[in-house]
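Inspection log for the structure reproduced underneath, given as C-alpha cells.
The values are calculated or read from the model by the stated rules, or taken from the named source; none is laboratory data. The shown structure was predicted, so the numbers you read here are calculated from the model rather than taken from an experiment. A quick note on method: Cβ atoms are made from the backbone with ideal geometry, for glycine too, and the neighbour counts reach across all protein chains shown.
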Amino acid sequence: MKNIFSIIIIALSLGLGFFYAKPEYDKISVLREQKSAYEDALSKAKQLRTLRDSLIADYSSISDADKTKLAHIIPVALDPVKLTSDMNVVASNHSLFLHDVKVSDANTSADSSRTDVLATNESKPYSVTSISFVTSGQYPNFVAFLRDLESSVQLIDIKKLSISVSRQSSGILDFQSIIDTYSVNTMNNSSTQ
C-alpha cells in the first residue's frame, strides 16, 4: 500500500509538473525572447542616438555661410515666382524675352502611375519641379543665358531644348526649354525634425 501511495504521489508530482510547471516554463521562455528583443532594440537605439549625435555635431560644424549656400542650392521650399523672376532678369540681361512659363511638379507628371508617385515621395529626400519656358532672341545671347543659368546658385538640370525660327520676327529664334529644379522634400524633412 505504501508503494501504491508513493506511486500516486509521484504521478501527481509529475502531473503537476507537466500541467503547471511546463506552461510556466514556456511563459519564461517567451519572456526571455522578449527581453532579448528589447535588449536588441535598446542597442539599436543607442547606435542611432550615437549616429544622430555625430550628425548633429557634423551639421553644427558647418558655417552659417555654407548653410546659406546650401539653402540656395536646394531650397527647403521652392518659390517658382521668384525663380521665374530671377530667370527673367538673367534673360533680359542677355537681350532675351522669356515667355510661356509653366511650372509643374515633376513627381506627379501624367506619365507616372500613382504608386510611382508614392514611391518617389517616400524614397527621395528632395522634390523635383519642372519649368517649361520659351526664350526668344539671338543664339549667342541664349548660349550666354544658359551659361549664367548653369553658374547660378540654384541647382538646375536642362531636360529638353528645342530651337525654332520665331514667327514674330525674322532673325529671331525661339528656344523651348524644360528644366528641372530641386527642393528639399518637406514630407521627409518634417519627419526628421
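Among the residues of region 63-104, write down those that are in contact with a helix residue (DSSP H, G or I) (Cβ under 9 Å, 6 or more places away or on another chain), charged (D, E, K, R) and surrounded by 12 or more Cβ atoms within 10 Å (Cβ to Cβ). Correct list: empty. In region 77-93, the residues that are part of a helix (DSSP H, G or I) reach residues that are surrounded by fewer than 16 Cβ atoms within 10 Å (Cβ to Cβ) and of a type in the set (D, E, K, R) with C-beta atoms within less than 6 angstrom, at least six apart or across chains, in these pairs: VAL90/ASP148. Filtering region 148-165 to residues that are assigned to a strand (DSSP E or B) and not β-branched (Val, Ile, Thr) leaves ASP157, LYS159, LYS160, LEU161, SER162, SER164. Tally up the residues in region 125-147 that are part of a strand (DSSP E or B) and more than 15 Å from LEU83 (Cβ to Cβ), please. Of the residues in region 125-147, 4 are part of a strand (DSSP E or B) and more than 15 Å from LEU83 (Cβ to Cβ). Kindly check whether there is at least one residue in region 21-42 that is under 30 Å from THR181 (Cα atoms) and modelled with pLDDT of 85 or more. No; the residues of region 21-42 include none that is under 30 Å from THR181 (Cα atoms) and modelled with pLDDT of 85 or more. Any residue at all in region 105-128 that is aliphatic (A, V, I, L, M) and modelled with pLDDT of 80 or more? The answer is yes, given that some residue of region 105-128 is aliphatic (A, V, I, L, M) and modelled with pLDDT of 80 or more. Of all residues in region 169-188, those that are exposed (fewer than 15 other Cβ atoms within 10 Å of the Cβ), of a type outside the set (Gly, Ala, Ser) and either under 14 Å from the mean Cα position of the chain (by Cα) or at pLDDT below 75 (or both) total 2.
Okay, residues lined up against (1) assigned to a loop (DSSP other than H, G, I, E, B); (2) exposed (fewer than 10 other Cβ atoms within 10 Å of the Cβ); (3) among the acidic types (Asp, Glu):
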| position | (1), (2), (3) |
| --- | --- |
| PRO23 | no, no, no |
| LEU31 | no, no, no |
| GLN47 | no, no, no |
| ASP53 | no, no, yes |
| ASP58 | no, yes, yes |
